[in-house]
Amino acid sequence: MVAVAGTQPVGVPRDEGFFLGGAILMALVIVAGFSLQLATGRSTFAAPALVHAHAVVFMGWVALYVLQNVFVTAGAMRWHRRLGWLAVVWMAAMLILGFLVTLAMVRRGHAPFFFRPLQFLIFNPSSLVAFAGLTTAAIPLRRRTDWHRRLHYCGMAMLLGPGFGRLLPMPLLTPWAWEATLVASLLFPLAGVVRDVRRSGRVHSAWLWGLAVMIGTGVLVEVVTYGPAGRAIYRVATAGSPGAAAPPLQFPAPPMGALVTGRADAT
């Protein structure tokens, strides 16, 4: 949970341990994915400043999310509240940088070869909007802790795609590589559903809303990608750039040499 938390409803079992454990596990997915990329030589620090800013801000959010759960578990609610309002501003920076990096990659014709360029252009921003929507919805519900923490948890799960994308064998999952990362991300809120059912015999409505947003985002991405709106968006986004020559629904050719992301000439 990232914004101000409230009181625990009467009769609702305390579950700080579950959400702290989930936050740590989600952070490990992201850190492990990017660390593997670096350790195998598929990533480099010789990246444009925009990429570095994007990485710092997104990794900062991961740290904020874990720290907020630590504060709640430790009962340090004053610090939780203070850091929560900083996180609201942080989220805005994430949206801006996420959109800019995606646009830069597509315009340069550097979409990963296991994604269709148009699909990549659509699903990255869509995932960020879904994350922001769930996170924003959690803020006015901060005094309903059961809703607040579950919506934040689902929002964080929407950010796991890049982590899973670096851990899963993406080339082997083509043409369903992005869909595979979404399914993997859904495992986290589904674990929350299973836990609630085991503890109380029912599914909390917040999980249903979170899952509906995540699955709905996946459906929306597919509809836009393969519809006329997607092609129009691609034309506008890539106009006057090398990316305009890339067929929007054809997978780029795999690199001839070593796969390296974050080069000085790419993002």
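Quick notes on this one:
- Lone qualifier among LEU103, LEU95 - being among the aliphatic types (A, V, I, L, M), in contact (Cβ under 8 Å) with a residue 60 or more places away in the chain and in contact with a helix residue (DSSP H, G or I) (Cβ under 9 Å, 6 or more places away or on another chain): LEU103
Matching residues to (1) at pLDDT 95 or above; (2) surrounded by fewer than 19 Cβ atoms within 10 Å (Cβ to Cβ):
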site: PRO140; (1), (2): no, yes
site: ARG143; (1), (2): no, yes
site: TRP147; (1), (2): yes, no
site: HIS152; (1), (2): yes, no
site: GLY155; (1), (2): yes, no
site: MET158; (1), (2): yes, no
site: GLY163; (1), (2): yes, no
site: LEU168; (1), (2): yes, yes
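- Residue check, PHE71 within 19 Å of ALA23 (Cα to Cα), under 14 Å from the mean Cα position of the chain (by Cα) and not charged (D, E, K, R): no
- Taking every residue in region 71-82 that is closer than 16 Å to HIS148 by Cβ and at pLDDT 90 or above and pairing it with any residue that is of a type outside the set (Ser, Thr, Tyr) and not in a helix (DSSP H, G or I), at least 6 positions away or on another chain, the pairs with Cβ-Cβ distances below 9 Å are PHE71/ALA5; VAL72/MET1; VAL72/ALA5.
- Annotation note: of PRO162, PRO171, PRO175, the sole residue that is under 30 Å from PRO255 (Cβ atoms), out of contact with any helix residue (DSSP H, G or I) (no Cβ under 7 Å at 6 or more places or on another chain), part of a helix (DSSP H, G or I) and in contact (Cβ under 8 Å) with a residue 40 or more places away in the chain is PRO171.
- Region 178-210: number of residues that are under 14 Å from the mean Cα position of the chain (by Cα) and under 10 Å from CYS154 (Cβ atoms): 5
This table checks each residue for (1) surrounded by 11 or more Cβ atoms within 10 Å (Cβ to Cβ); (2) part of a loop (DSSP other than H, G, I, E, B); (3) modelled with pLDDT of 95 or more.
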position: THR217; (1), (2), (3): yes, no, yes
position: VAL224; (1), (2), (3): yes, no, yes
position: PRO248; (1), (2), (3): yes, yes, yes
position: ALA253; (1), (2), (3): no, yes, no
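- Positions within region 178-197 being crowded, with 18+ Cβ neighbours inside 10 Å and in contact (Cβ under 8 Å) with a residue 40 or more places away in the chain, in sequence order: TRP178, PHE188, GLY192
- Of the candidates VAL106, VAL88, VAL129, the single residue that is assigned to a helix (DSSP H, G or I), under 15 Å from the mean Cα position of the chain (by Cα) and of a type outside the set (S, T, N, Q) is VAL129.
- Near pairs, Cβ below 9 angstrom, 6+ apart or cross-chain, from region 202-218 (more than 14 Å from TRP147 (Cα to Cα)) to any residue that is among the aromatic types (Phe, Trp, Tyr) and assigned to a helix (DSSP H, G or I): THR217/PHE123; GLY218/PHE123; GLY218/TRP178
- Within region 43-54, considering residues that are surrounded by fewer than 17 Cβ atoms within 10 Å (Cβ to Cβ) and either without any contact (Cβ under 8 Å) to a residue 12 or more places away in the chain or within 21 Å of the chain's Cα centre (by Cα) (or both), the one farthest from GLY155 (Cα to Cα): ALA49
- Criterion: touching a residue at least 60 places away in the same chain (Cβ under 8 Å), assigned to a loop (DSSP other than H, G, I, E, B) and not aliphatic (A, V, I, L, M) - qualifying residue of PHE113, PHE123: PHE113
The values are calculated or read from the model by the stated rules, or taken from the named source; none is laboratory data. Computed from a predicted model, the values in this text were never measured in an experiment. Ideal geometry is used to build each Cβ from the backbone, glycine not excepted, and the neighbour counts take in all protein chains shown.
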